[in-house]
Structure formats: C-alpha cells, structure tokens
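I have placed the structure first, in the form of structure tokens, so that the comments after it can refer back to it.
Derivation of every value follows stated rules applied to the coordinates shown; laboratory data play no part. Please read these numbers as outputs of a predicted model, since none were measured by experiment. Positions of Cβ are backbone-derived with ideal geometry, glycine not excepted, and every protein chain shown enters the neighbour counts.
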Amino acid sequence: MSELRDGLLLGLGNPLLDISAIVDNEYLAKHDLGPDNAILAEDKHMPIFTELQEKYNAEYIAGGSVQNTLRVCQWILDKPNVAAYFGCVGQDKNAEILEKRARADGVDVCYQKNEEQLTGRCAVLITGKHRSLIAHLAAANFFSEDHIDKNFKYVENAEYFYISGFFLTVSPPSILKVAKHAKENNKSLLMNLSAPFISQLFKEPLMQVIPYIDLLFGNESEALTFAKEQNFGTENLKEIGFKMVSLPKENENRPRIVILTQGSHPVLLFENNTVREFPVQEIKECDIVDTNGAGDGFVGGFLSQFIQKKSFDDCIAVGIRAAREIIFRSGCSTEGEFKFC
Ligand code: 26A
C-alpha cells in the first residue's frame, strides 16, 4: 500500500449547487427534457430554477461532478486533504455553502473567485430511477488558466489528476496544461466522458486531450455516443472499449485503461487486449432514493483505492460500493461512516 499524503490527488471541475426536486413526466415534457439528460442550461431553461424553488419543495445539495467524486473519495479515506480541488465560484452565499460542505468532507478546495458572476447551479429533476441535469455554470464557466499558474504548487504536489469531460466546456487550455505536466512527470491523468453531449459538441478539445488520458471512465450511453462520433462502426461496448484503449497515447510508459459502467450490468475494464467484467449487485427499485451522483460516487470509491496503488479488483469493488451508497441517499451526500461491506 502506498502512503496517503496531502494533495496527492487534484481535481478540476465546475463547482455547482444542486437544486433537486421530484417532478413528473409532464413537467419534463413541458420543458422539452428527457428523463436522463445532462445538458448545459439555455435561456429557455432558466424558469426551471425558480419553479423548482417555488413549487416543488426543492432541496439544496452540494454538487458538481468532480467535487462530488472528491467528496466521496475523502469520505472513504481516514485522512482529510488528500484530495484538492480547483473550480470557479462567485462571491455569494452558495459559494460558502459549497466550500463548507466540501471542507467538512475533507476536500482541500482552492476556488477561483469571480466577482461578477453567481456561483453555478444545477437543476436536478428526479423521476423515479431517472435524473435529468440542467447545469447553469455561471461563475464556473469563468475558470481561467491563470488560477493554475498562481497555484501551481498544487499541480506539482499532486501525483494523480481527475478532470471531468464537463470541464471541456469551460477551459480546455487548463486541461491541456495539467495533461502535459502529467505526461512530462509520468503522473496519472484520469478523465470522464461525463455526458454524451461532450463527445458531440466538444469533440475537438476532447480529441486533443485523449492522448494524455491514462484512465478514461464512461457509462454506456457516453461510450456509444463517443463511438458514433468517432465512426468506430460498432455499437458493441466491448469493441468500443478496445478501440478507446488503442487511441493514440502520449505517455507510452503506461497502457491506457478504459472503464465503462452500465448501470446494474457489469463494469467493464479494458487494458491492452483484455477486458474484465465486474458484476454489480442490483438495487431494488423501492430502495432507490435517487441516482443523482451515482456515477461520481463510483469514481470517488475507485480513486480512494487507486491512489493507494490497490489492485483494480479493490478499486472497482469500492467504486461499486460507493455508488450503491449514493443511490440510497438524496444527491451525492456522504454523512455517516463509509462501510466497506
Ligand atoms: C458542464 N456541466 C453540464 C456540468 C454538470 C455537472 N457538473 C459539472 N459540469 N452537469 C451536471 N453536473 C453535476 O453532476 C452531478 C451528478 O453526476 C451535478 O451538479 C450533479 O451533482
């Protein structure tokens, strides 16, 4: 086992406050939304934020995909401040709520602060097992590379970097800066496809960073969309995983790993020309509180072991366990002690 120290893991992402409510299909239809969207808010979506507040008894929960992952990772580790985080917030109450939650969970947040913009929010519309995410990034969209330059000690100190595909909508130059540092210093860059729209609308910056990615996470719909956009000519997840593994890679010292989750179906792990399957215990529909943050939780559990150089069997087992715990709770919440089994 390798020793845990402060700042071993650095995450970059969009700090968002989730405004979460249970709605019906009619409400989704009214706003032209599907049950499992993950999109950027357009002007037409803005009334949703007030409606959730005024008519749907919304809950306010700390969110933002990478921040969720780091909070879950810290929840599992006994030691605070192993994970540090960069992202941009406004100077408002919501930023204070986010920072307080993240610090209470043990994440060493280093926010860039924007005086003109409000902290980002994400509407989370729950219908049964499904959740639709509409993110209004606001301040999060104003993250800039100079925050990295000013706080480069965090980058130098970290051995592992975790960045969402979502962050490609904000600052590809920041991602490339960290990616190049990781390559030059033989450190690990882990990324997530995050949502189908990333492979469609942010294809160019995504393909620019792909060669630097040592470990790529995605779920089945994200993988299928990526394959379609890249003309892989197959809808078979195993074939897609192998093709992702063999995309160009800068640091040839490490083989690329690809991990694809598929809800209650087995997690697939691709390495060189092998694929391994890890079964997931199905959760009864009546035990599901909400699936918001489940994917982030999986990565958080995985990272908590990966940064200790544990085996992939351990990393994935804890990932699955963490996702399960998050599904039993509202949003990505981490109160109480994490139970390994
Ligand atoms: C750029 N976009 C769309 C986003 C997000 C996002 N985090 C960062 N960028 N859209 C949704 N989320 C977060 O994902 C979590 C669930 O996986 C939500 O804030 C939610 O907590």
### Message
Using the Cα centre of the stretch 79-199 as origin and beta-carbon charges of +1 (Lys, Arg) and -1 (Asp, Glu), tell me which of SER171, CYS122, GLN112 is placed farthest towards the positive end of the dipole.
### Response
CYS122
### Query
If you count the DSSP beta bridges with both ends in the chain, what percent of them are antiparallel, to the nearest 5?
35
## Note on the structure
Here FRET efficiency (C-beta to C-beta, GLU285 to SER221, R₀ 22 Å, nearest 0.05) is 0.65
## Note on the structure
With only helices counted (DSSP H, runs n ≥ 4, each -39500 (n - 2.57)), the per-residue ellipticity at 222 nm for the chain, to the nearest 500, works out to -10500 deg cm²/dmol
## Note on the structure
Net charge (Lys, Arg +1; Asp, Glu -1) of residues whose beta-carbon lies under 13 Å from that of LEU176, LEU176 excluded, is -1
#### Entry: Cα centre as origin, Lys/Arg/Asp/Glu Cβ charges: the stretch 159-243 dipole, Debye
220
### Task
With both partners inside the stretch 22-144, how many of the DSSP beta bridges are antiparallel, as a percent to the nearest 5?
40
### Task
Calculate the length of the line joining the C-alpha centroid of the stretch 29-95 to that of the stretch 319-341, in whole Å.
17
### Student exercise, the chain dipole from Lys, Arg, Asp, Glu Cβ charges, in Debye to nearest 20
620
### Message
Can you give the log10 of the normalised intensity I(q)/I(0) at q = 0.07, 0.15 Å⁻¹, computed with Debye over equal Cα scatterers of the chain?
### Response
-0.25, -1.34
### Summary
To the nearest 20 debye, the stretch 34-114 has a Cα-centred charge dipole, built from +1 on Lys and Arg Cβ and -1 on Asp and Glu Cβ, of 260
### Query
To the nearest Å, what is the center-to-center distance of the stretch 228-291 and the stretch 117-160, using C-alpha atoms only?
24
### Summary
For LYS177, the aspartates and glutamates lying under 18 Å Cα to Cα, once residues fewer than eight places off in the same chain are dropped, come out as GLU145, ASP146, ASP149, GLU156, GLU159, GLU204, ASP214, GLU250
### Message
Taking 8 Å as the Cα distance limit and 6 or more residues as the minimum spacing, I'd like the relative contact order of the stretch 282-341 as a percentage.
### Response
43
### Query
So which aspartates and glutamates pass the test for LYS100, namely a Cα distance under 12 Å, with those fewer than 8 places away in the same chain ruled out?
ASP108
### Task
Kindly flag which residue pairs out of LYS79/LYS203; LYS55/LYS339; LYS113/LYS153 have an alpha-carbon separation exceeding 29 Å in this structure.
LYS79/LYS203; LYS55/LYS339
### Message
Projecting each Cα onto the charge dipole of the stretch 12-144 (Lys/Arg +1, Asp/Glu -1 at the beta carbon, about the Cα centre), which of ASN25, PRO47, CYS73 comes out farthest on the positive side?
### Response
CYS73
### Task
Calculate I(q)/I(0) for the stretch 241-341 by the Debye formula, one identical point scatterer on each C-alpha and no solvent, and give its log10 at q = 0.21 Å⁻¹ to two decimals.
-1.09
### Qualifying lysines (Cα of each under 18 Å from Cα of LYS129; at least 8 residues distant if same chain)
LYS284
### Query
In percent, how large is the relative contact order of the stretch 209-254, given Cα pairs closer than 8 Å and 6 or more residues apart?
50
### Message
Relative contact order of the chain, please, whole-number percent, based on alpha carbon pairs below 8 angstrom and at least 6 residues apart.
### Response
18
### Task
Mind giving me the FRET efficiency for GLU271 and ASP149? R0 is 41 Å, r the Cβ-Cβ distance, nearest 0.05 is fine.
0.75
